[in-house]
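Worksheet: the structure to be examined is printed underneath.
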Amino acid sequence: MGAASDARYSKRMSEVKSKTAKFVMEKADPSCQISFICKGHLVCTIEPKLLSPRKLSQSASMPTEINWQNVLPRNSSFDVLNLRGSMTPEFPQSLIRPSRLPSDLLSTNSNDVFEVRSLQEPSLDSQGSTHEQDTIAGVCAKLQAALADVTKYGVRFNEEICKREKSEMNQALLIKKDEETISALIKEKQEMEFLHKQETKMFRRQLDLLQEENKKFKEERDIAVKEEALHKQKINMVQNQLGLLQEENKKLQKERDNAIKEAEELRGSAGRGSHVSFSEFLVLDLQQATKNFSNSYKIGEGGFGSVYKGFLHNTMVAIKMLHPQSLQGKPEFEQEVAVLRTMRHPNLVTLLGICSEKSALIYEYLPNGSLEDRLACQGGTPPLTWQIRTRIIGEICCALMFLHSHPNRIVHGNLKPENILLDANLVSKLSDFGISRLLMETNSNTLVYHTEYPRGTFAYMDPEFLSSGELTVKSDVYSFGITILRLLTGKSPIKIAADVEDAIETDSLHLIIDKSAGDWPFVQAEQLANLGLRCAQVRKRKRPDLENEWKLVESLMQTASLSVSPSFTSQLDDKGIPSYFMCPIFQEVMKDPHVAADGYTYEAAAIKDWLDSGRKTSPMTNLPLSHQELTPNYTLRCAIQAWLLKHS
Ligand SMILES: Nc1ncnc2c1ncn2[C@@H]1O[C@H](COP(=O)(O)OP(=O)(O)OP(=O)(O)O)[C@@H](O)[C@H]1O
């Protein structure tokens, strides 16, 4: 049994310390051998004493009533091991054996106990022995109960010890793990430090490189800044020089214009030269207007060259550049300039100027492109209505009559929808005078231009001009006829006259009229078809004079109620009258409008009075008039009449 609590153990300990142990030592049966232990160490042993038979009987009769549970405090650290057996008077040493060493008692095996075996001594007398036996049996029973308690307690103790040991082992394991983790962390830290050192080294190297680069960059930037400053200085100088040159150029242009004016004044009315505002442009002007002939400014390409859109002297213009390698281009360029600079008409494209250095022609810009493109609805534009088509026929008729009756007697020579351009209000203007010709009077009093190389667009070309090389006003009438049929049917110009003729003969004209133009009134359509066919006769002598057809054209325009073109109505004066209808001299709505040599339209009586009074300059521009001829402006007259009808 325990000699004392573990806390009190020392190596020199040789006797029991606890009260209970002392009590047991004193009270235990002398036959018992008891070993006292503390913290697993044997402290002392009391040996059993051999008793005399009397003493033995005494002791046998003296019940050993030790209730160990009562003796030992429950929470005592003093340990009572499992004792089993019964007290005997004789307790031979050989019968007591420690089954295990005290340290082994940590085992939970309930059999790990000191075993005490009692030997039943034979009784001395039968009565006394029976009583004695009963007493011993009772004591034994109590002792066994006590031993059972002790066994239970011991098992619990063992369990407790096991738990502690396990937790200690776990702790040890945890400590081991912690140690491992710490060593791993230390290793990692060392690696990190190593890497950090390496990175720091690299970073320093890079920093050095960057600093070097930065230095270089700064040096280069300083040089660039200096160069830029120099460059700017140079640009300023060049700009100043350019400004001076431009001013000088303006002066020169002014001087030149004045010189031309003077020359023309000297030449008098015989002069056929420039009299309307017409300029010579610099290549620089054109470059600025077209962002150096950028492709995004290109609007067309023809046999003559490329056409660009541009903004020149606050005006939108179209610039036609002659192909540098074009052989025919140069004479065409000169022809176009010769014709257009002397003429102004509402249905002729206005030539604003030229750039001789680049052989460029500068026109007013016509935003709706060519009639051919609009008939083909190129770019998704809506189809032209029959009313607009009828008006265009009237306008072109008017332009041709103007050209043919001009003092210079001009034949356009290349009339076709590609050469009819449309302004913002779809008012048509005849363009491309490159192969137009001034007619000469022949011996037979007919006006003809003769060439061995007839040029033009085959489908629209007068067949007699093709075969004879004789260009006359009737050549334009033929082209005009084909253009009328094309506007009426929307068909290709090749064989168009034959197709329309067939349709009329077979009463199927309605089938070939262009439906996209809307509900063309049949009578009107038929009249136009017949007019087209008359003009497109193969024999020129069968073709009509346009003046003779004008009445019909005028009535067609009026019926179509189109004569008031949007361009006329768009500019109304305070009384709501289109300003184009007013005579610039009389300031009244015109009844008989006529175009003068300056391109402006006047009331016939007003301009005649002006000229008869001896004045030789334009009432609008004050510039000399190249001639005194007056041409009726039929389209305008038609427009005025329709407008008056509507507003009466
Ligand atoms: N004044 C203008 N305003 C707007 N566009 C124009 C103008 N002049 C020409 N164009 C555009 O440029 C295109 C080509 O012009 P044009 O037919 O006059 O060139 P060209 O070289 O004389 O052609 P061609 O082969 O008929 O001789 C036209 O179809 C038209 O789209």
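Here the condition is being without any contact (Cβ under 8 Å) to a residue 60 or more places away in the chain and either among the aromatic types (F, W, Y) or farther than 22 Å from T601 by Cα (or both); of L375, L361, it holds for L361 alone.
Scanning segment 594-648 for residues that are free of Cβ contacts under 8 Å to residues at least 40 places away in the same chain, over 30 Å from Q387 (Cα atoms) and among the hydrophobic types (A, V, I, L, M, F, W, C) yields A605, A606, I607, W610, L611, M620. The sole residue among T390, T381, T385 that is surrounded by fewer than 17 Cβ atoms within 10 Å (Cβ to Cβ) and more than 29 Å from Q246 (Cβ to Cβ) is T381. Exactly one residue out of A263, A318, A259, A289 is within 24 Å of Y365 (Cα to Cα) and either within 13 Å of the ligand (Cβ to nearest atom) or modelled with pLDDT under 90 (or both), and it is A318. Considering segment 378-389, the residues that are of a type outside the set (S, T, N, Q) and free of Cβ contacts under 8 Å to residues at least 24 places away in the same chain include one that is nearest to the ligand (Cβ to nearest atom), namely G379.
P417 meets each of the listed conditions (1) within 30 Å of S279 (Cα to Cα); (2) buried (at least 18 other Cβ atoms within 10 Å of the Cβ); (3) away from the ligand (no atom under 14 Å from the Cβ) apart from (3). Please tell me if F304 is modelled with pLDDT under 85, within 26 Å of H404 (Cβ to Cβ), of a type in the set (F, W, Y) and more than 9 Å from the ligand (Cβ to nearest atom). When the stated conditions are applied, F304 does not pass them.
Exactly one residue out of T200, T135, T181 is hydroxyl-bearing (S, T, Y), closer than 30 Å to S31 by Cβ and in a helix (DSSP H, G or I): that is T135. Which residue out of S613, S626 is out of contact with any strand residue (DSSP E or B) (no Cβ under 7 Å at 6 or more places or on another chain), outside the structural domain of L340 (by TED's automatic domain parsing) and surrounded by 18 or more Cβ atoms within 10 Å (Cβ to Cβ)? Result: S626 is the single residue among S613, S626 that is out of contact with any strand residue (DSSP E or B) (no Cβ under 7 Å at 6 or more places or on another chain), outside the structural domain of L340 (by TED's automatic domain parsing) and surrounded by 18 or more Cβ atoms within 10 Å (Cβ to Cβ). Residue selection: E357 satisfies the criterion of being more than 16 Å from the ligand (Cβ to nearest atom) and acidic (D, E). Inspect all residues belonging to segment 604-620 and state whether any of them is modelled with pLDDT of 90 or more and within 30 Å of L466 (Cα to Cα). No: segment 604-620 contains no residue that is modelled with pLDDT of 90 or more and within 30 Å of L466 (Cα to Cα).
When segment 337-356 is filtered for residues that are under 20 Å from H594 (Cβ atoms) and among the basic types (K, R), only R344 remains.
The values are calculated or read from the model by the stated rules, or taken from the named source; none is laboratory data. Because the structure is predicted, anything quoted here is derived from the model rather than measured. FYI the Cβ positions are ideal-geometry reconstructions off the backbone, even for glycines, and counts take in every protein chain you see.
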